[in-house]
Amino acid sequence: MLDALEQLAAVRGQMDEKTQRMWVEVAGDIFDALSKLGDKVRARLLPLARDFSDDLLMKGHAFRLAYLEQVVGDADDALQYYLIDLDTSENVPEAGVKNARLLWARSDELSQVQGFVDKLQEEVTTSGRADAVQQLLTDAKARLATLNKRDQFERTAVSRWPSL
């Protein structure tokens, strides 16, 4: 199936309108099913999902893109797709909100969490769901504060204990 998707990606631009409509209708289900088959499949599926991202976003499959980015791709891209999912879903997508929180909860990189906070601060002013984005921002800021405190503690260890 992955080989067939790779071949399809190469000719996607040559599809006629009817074929494109049919493809867009089934693309989300295909990517959803394949993304559940384990990390080896996900690793091969992610570049294809990126190739077909416009098709997937067209039918509201931002969560699938976000999930793939989160588990085998780029966390910054995952947050972007989770925010798209949040804005375009009919109801607040609890799974997407929970997974977005996991992005910074599992990160120990101060710069990465700061990037998440920056992105959320931008998004809170433009999102149709500013209240939900604000909750994510508050959570990310709390994680950032924890990481900052730990970073400061580590940096000042030598002055507190000179014998180190």
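The values are calculated or read from the model by the stated rules, or taken from the named source; none is laboratory data. Just so it is clear, the model here is predicted, and its values are computed rather than measured. For neighbour counting, all protein chains shown are included, and Cβ atoms are generated from backbone atoms with ideal geometry for every residue, glycine included. What goes into the accessible areas is simple: the full protein's heavy atoms, side chains included, and nothing from ligands, DNA or RNA. Shrake-Rupley method; radii C 1.70, N 1.55, O 1.52, S 1.80 Å.
Write down the Å³ per residue value for the convex hull defined by the alpha carbon atoms of the stretch 1-121. Don't skip to the end; give the middle numbers.
Values: hull volume 13.7 nm³, N = 121.
Residue-normalised Cα hull volume stands at 113 Å³.
For the chain, find the longest principal axis of its Cα atoms and tell me its angle to the long axis of helix 39-51, 0 to 90°, nearest 10.
Value to nearest ten degrees: 70.
Please name which of Ala66, Leu83, Gly38 has its Cα lying farthest along the dipole of the stretch 38-102 towards the positive end, using unit charges on Cβ (Lys, Arg +1; Asp, Glu -1) and the Cα centre as origin.
Gly38
Please list 3J(HN,Hα) in residue order for the stretch 88-94, calculated via the Karplus relation 6.51 cos²θ - 1.76 cosθ + 1.60 where θ = phi - 60°; whole Hz, with x for glycine and proline.
Per residue, the Karplus-derived 3J(HN,Hα) values read 9, 6, 5, 10, 4, x, 4 Hz.
Going by alpha carbons, how many degrees (0 to 90, nearest 10) lie between the helix axis of 2-11 and the longest principal axis of the chain?
70 degrees
With a 1.4 Å probe and all protein chains left in place, how much of the accessible area of the chain comes from carbon and sulfur atoms, in whole percent? List each step's numbers first, then the result.
Values: 4860 of 9610 Å².
After summing per-atom areas, the C and S share lands at 51 percent.
Which entries in the list Lys119/Lys149; Lys59/Lys119; Lys40/Lys149; Lys36/Lys59; Lys59/Lys98; Lys18/Lys98 go over 28 Å, if you measure between the two C-alpha atoms of each? Spell out each step's value before the answer.
Values: Lys119/Lys149 21 Å; Lys59/Lys119 24 Å; Lys40/Lys149 37 Å; Lys36/Lys59 19 Å; Lys59/Lys98 22 Å; Lys18/Lys98 37 Å.
Exceeds cut-off: Lys40/Lys149; Lys18/Lys98.
For the chain, what is the calculated [θ] at 222 nm in deg cm²/dmol (nearest 500), taking -39500 (n - 2.57) for each run of four or more DSSP H residues and dividing by its residue count?
Using -39500 (n - 2.57) per qualifying helix, the result is -25500 deg cm²/dmol.
Highest mean first, what order results for 85-97, 68-80 on Cβ atoms within 10 Å? Don't jump to the answer; show the numbers that get you there.
Details: 85-97: 15.2, 68-80: 18.8.
Highest to lowest by the protection proxy: 68-80, 85-97.
With a 1.4 Å probe and all protein chains left in place, how much accessible area per residue does the chain have, in Å²?
Values: 9610 Å² over 164 residues.
Heavy-atom SASA per residue in the chain reads 59 Å².
In the chain, if the dipole is taken from +1 on Lys/Arg beta carbons and -1 on Asp/Glu beta carbons about the Cα centre, which of Thr126, Leu102, Phe153 is farthest to the positive end?
Projecting each Cα onto the dipole axis, the largest value belongs to Phe153.
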